[in-house]
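This report refers to the structure that appears directly beneath it.
The values are calculated or read from the model by the stated rules, or taken from the named source; none is laboratory data. All values derive from a computational prediction rather than experimental measurement. Counting neighbours? That spans all protein chains shown, and the Cβs are built from the backbone with ideal geometry, glycine included. Only protein heavy atoms, including side chains, enter the accessible area calculation; ligands, DNA and RNA are left aside. Shrake-Rupley method; radii C 1.70, N 1.55, O 1.52, S 1.80 Å.
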Amino acid sequence: MTKLRGGAPAPSSPFALLPLRSGVVLPGTTLSLSVGRPRSLALLGTLHEGDIIGVATQRDPRVDEPTLDDLYPVGSFAKVIRISRRNEKVYQLVLEGLDRFSLDSVDDRAPFWRADGVLLAEVGNTGDAASILAEELHTHLEELTQKGGALGEIPSPEGDPSSFADRIAASLGLDTEDAVVVLSELDVAERLKVVIELLTRARTRAELRTKIEQDVRKSLGKTQKEAILREQLKAIKRELGDDEEEDETDNLRARLDAAGLTPEARKIADRELKRLDQTGGQGPEANVIRSYLDWLAALPWSKRADSSIEIDTISEKLEADHYGMEDVKKRILEHMAVQQLSGNPRGTILCLVGPPGVGKTSLGRSIAEATQRPFVRIALGGVRDEAEIRGHRRTYVGAIPGRVVFGLKQAEVKNPVVLLDEIDKLGHGYGGSPEAALLEVLDPEQNKHFTDHYLETPFDLSEVMFVCTANSLDTISAPLRDRLEIVELSGYTQVEKSHIARRHLIPKRMQEVGIPVGSFELTDAALSSIVEDYTREAGVRQLDRELTRLGRSLALEVARNKDAELKFVVDAEDVAGYLGKARFRSDVAERVAFPGVATGMAWTPFGGDILFIETSRMPGKGRLEITGQLGDVMKESARAALTYVRSHAAELGLDSAAIDAEDLHIHVPAGAVPKDGPSAGVTIFTALASLLSGRKVRPDTAMTGECSLRGRVLPVGGIKAKVLAAHRAGIRRVILPKQNERDLADVPEATRAALEIHLVEDMSEVLGLALETEDTDPVVGGSNAKSGGDSLLA
């Protein structure tokens, strides 16, 4: 029978196996370890002192159920020295290593692990090489002991170099990987070389550690002296009754130490702390200093949110929170994808531009939630002082930092999502231009060193994701626009509004007013009636208010009938009873029922809209009167249209002499609202042609486009918003410039399918499409005037 060291017989296979998460039991050494795994505890229940088991070390300590592949191939037989219980779930086991074995297989079917293995024989333990290397190792240990780098008695290398190498390796406190290398080496001479190398490495580390400790001790000498003096000063103040103020200063100093200040900010903080100590913590100057230091300590100089940019997660969040707006979502995802791939948070600044109520603010909040960053909203509407952005200098009484720094303090991290809301409504006052102050904040090349007037030290804004919102770009200066990535949001179609109401607004509002789930049903016809007859907007804000009104009306009925279980089914004919009479109706047909009136399409900061161009004539001297609070560009469009009509009177079948003998009046209703832009040129021309020819404009037709003196129809902007507005107003036919054909791709497919869209290049095409056909000749100036030749109005 094969015997182990000490004369104990080697266990036969399969033998009990105890896997170790870390550490190695080397032969000739003793190891104390904690045992808590259920299988290991099952093994301890069968052991007694003096029993011999196999011990093997895991490659990965996180594995709870190791297999053969999870264990190192060489283990050691060990004798149980002592078993003690620490608590209900953990035992303490002391083992003495005996010999090495090769691990061939592991059986985990029993309550505890069992293994098959073969006892390994060492090589070269009695050779000269092993003895010489053992003496060299002993010499290294003596040198290390003389320098204070080793503790305890050094064993003698004589007789058994193998045991000497194992015991020295165990005393070095090696990492598990290094200890496994020593255990796996069967050649004693090679094992001694490994131990000598590990000892040399430990010796070098010890010398480096000693040097570092000496350097630190020297550098801390001054600090310790200051700490002692500060403690003495604290004791004196305590006797004087001023210890509360000192505690506050110490707390402020500790917060500054934990804030992770930049070197420049740290220097300023130390300077201000000395000034605070000099003031004795009393007086107005001390309060100013303490407030400043409190701001420095509260800012997130180095704290970041554990954010992640997962495109799929952001896409799912945007889809869940917002219906439609596919182009907008795509632009946002493209922007986030660039940040994900480059790993650089710096980049362009998103600016969401669109009418009110389309979801600009909620898009910014969704981005923050999807990227797991705090969300901060900074309202800029009406801000007219540059100090609101950059802060006030500390020389002023009551000075505070600007809104950007204040927002970062609220976020408590340096990489939040900051929404600059209503950036187009910044004002200009005597205190400077806040818009100019934003140039540095929103410039990725400069905001890494943004300096607030109050802080007077640079703060890094480059990791902040800025999202701006605006209703119009007209009031934003060109330098600021140049720093923004513009993402335009147009209005919703009626179908999209219905989906948004079903998915978001109705469940939210009914829950707010306390209508029980399942007791309310709004039919499709009723919802369509609310959308079409009670709202006329690009967004859904008014729709939300109407649904809230409906919910309150239903809540009143529930409150009056507490004991009855009511089931509400609101149909189209019931809407008026809850919301009152309809607010909007299509009056296009009535307003264009007379010659000289045409329907145009306009763009406003609040979305698209339709407008009516009204014309009238009277005896006079060929003068033109324009009313309706029109801008210069729109007035010029009216004059250009009239010039074209006069110069092409013959082609249009009109009497030029009669035109010269009459005054014309062009009016655009809603005179309290300023109007401007060239896109009404085609509509004005059509209205004039209708007036002078006596032919009415088709009531189902609206148009837009700029008209040149040669009769060419030129492209205009805002096509999507204009077409959506025409569709909301009940228009069925629209006339657009040919060169705007590419803009139709932005119009929702459902809207394009519901409209008859005509693309024109010349005014002759517009008249053929817009005017109603008549069998009678046009009447101009009260007399029958027939056109000569082929008339464009024939």
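List the residue pairs whose Cβ atoms are under 8 Å apart, where the first residue sits in region 1-18 and is free of Cβ contacts under 8 Å to residues at least 60 places away in the same chain, the second is open to solvent by less than 40 Å² (accessible area, probe 1.4 Å) and in a loop (DSSP other than H, G, I, E, B), and the two are 6 or more positions apart or on different chains.
The qualifying pairs are Met1/Ala10; Lys3/Ala10.
Tell me which residues, restricted to region 655-684, are modelled with pLDDT of 80 or more and over 30 Å from Lys738 (Cβ atoms).
The answer is Asp660, Ala661, Glu662, Asp663, His665.
Would you check which residues across region 558-581 are open to solvent by 70 Å² or more (accessible area, probe 1.4 Å) and assigned to a helix (DSSP H, G or I) and list them?
Arg560, Glu573, Gly577
Can you name the number of the only condition in (1) buried (at least 20 other Cβ atoms within 10 Å of the Cβ); (2) touching a residue at least 40 places away in the same chain (Cβ under 8 Å) that Asn447 fails?
Asn447 satisfies all of (1) buried (at least 20 other Cβ atoms within 10 Å of the Cβ); (2) touching a residue at least 40 places away in the same chain (Cβ under 8 Å) except (2).
If you take the residues of region 612-634 that are open to solvent by less than 30 Å² (accessible area, probe 1.4 Å) and in a strand (DSSP E or B), which of them is farthest from Asp676 (Cα to Cα)?
For region 612-634, the residue satisfying everything is Thr615.
Would you please name the residue that is surrounded by the fewest Cβ atoms within 10 Å (Cβ to Cβ), looking only at residues in region 103-128 that are more than 57 Å from the chain's Cα centre (by Cα) and in a loop (DSSP other than H, G, I, E, B)?
Ala121
Take Arg639 and decide whether it is open to solvent by 60 Å² or more (accessible area, probe 1.4 Å), in a helix (DSSP H, G or I) and in contact with a Leu (Cβ under 7 Å, 6 or more places away or on another chain).
Criteria met by Arg639.
Condition first: in a helix (DSSP H, G or I), touching a helix residue (DSSP H, G or I) at 6+ places or on another chain (Cβ under 9 Å) and open to solvent by 50 Å² or more (accessible area, probe 1.4 Å). Now tell me which residues in region 322-339 satisfy that.
Within region 322-339, just Asp327 meets the criteria.
Within region 182-202, can you find the residues that are surrounded by 19 or more Cβ atoms within 10 Å (Cβ to Cβ) and without any contact (Cβ under 8 Å) to a residue 60 or more places away in the chain?
Residues satisfying the conditions are Glu185, Arg191, Val195, Leu198.
Considering each residue of region 664-673, count those that are open to solvent by 20 Å² or more (accessible area, probe 1.4 Å) and assigned to a strand (DSSP E or B), and give that number.
The total comes to 2.
Within region 526-535, can one find any residue that is crowded, with 16+ Cβ neighbours inside 10 Å, more than 29 Å from Lys425 (Cβ to Cβ) and touching a strand residue (DSSP E or B) at 6+ places or on another chain (Cβ under 6 Å)?
yes
Which residues, counting only those in region 383-413, are within 14 Å of Ser291 (Cβ to Cβ), touching a helix residue (DSSP H, G or I) at 6+ places or on another chain (Cβ under 7 Å) and buried (at least 19 other Cβ atoms within 10 Å of the Cβ)?
The answer is Gly391, Pro401.
Matching residues to (1) of a type in the set (D, E, K, R); (2) outside any helix (DSSP H, G or I); (3) out of contact with any His (no Cβ under 8 Å at 6 or more places or on another chain); (4) crowded, with 18+ Cβ neighbours inside 10 Å:
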position	(1), (2), (3), (4)
Ala297	no, no, yes, yes
Ser307	no, yes, yes, yes
Ser315	no, no, yes, no
Ala320	no, no, yes, no
Cys351	no, yes, yes, yes
Val358	no, yes, yes, yes
Ile367	no, no, yes, yes
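Taking Ile515 and the conditions (1) of a type in the set (A, V, I, L, M); (2) modelled with pLDDT under 85; (3) assigned to a helix (DSSP H, G or I), which numbered condition does it fall short on, given that it satisfies the others?
(3)
Kindly check whether there is at least one residue in region 499-512 that is modelled with pLDDT under 85, over 26 Å from Ile378 (Cα atoms) and crowded, with 17+ Cβ neighbours inside 10 Å.
no
Before we move on, is Leu714 surrounded by fewer than 24 Cβ atoms within 10 Å (Cβ to Cβ), farther than 22 Å from Ala649 by Cβ, touching a strand residue (DSSP E or B) at 6+ places or on another chain (Cβ under 6 Å) and not acidic (Asp, Glu)?
Yes; evaluated as a whole, the condition is true for this residue.
Output the residues belonging to region 249-287 that are within 29 Å of Pro374 (Cβ to Cβ) and of a type in the set (Val, Ile, Thr).
Within region 249-287, Thr262, Ile268 meet the criteria.
Which residues, counting only those in region 81-102, are under 53 Å from the mean Cα position of the chain (by Cα), of a type in the set (A, V, I, L, M, F, W, C) and either surrounded by fewer than 19 Cβ atoms within 10 Å (Cβ to Cβ) or modelled with pLDDT under 85 (or both)?
Residue satisfying the conditions is Val90 alone.
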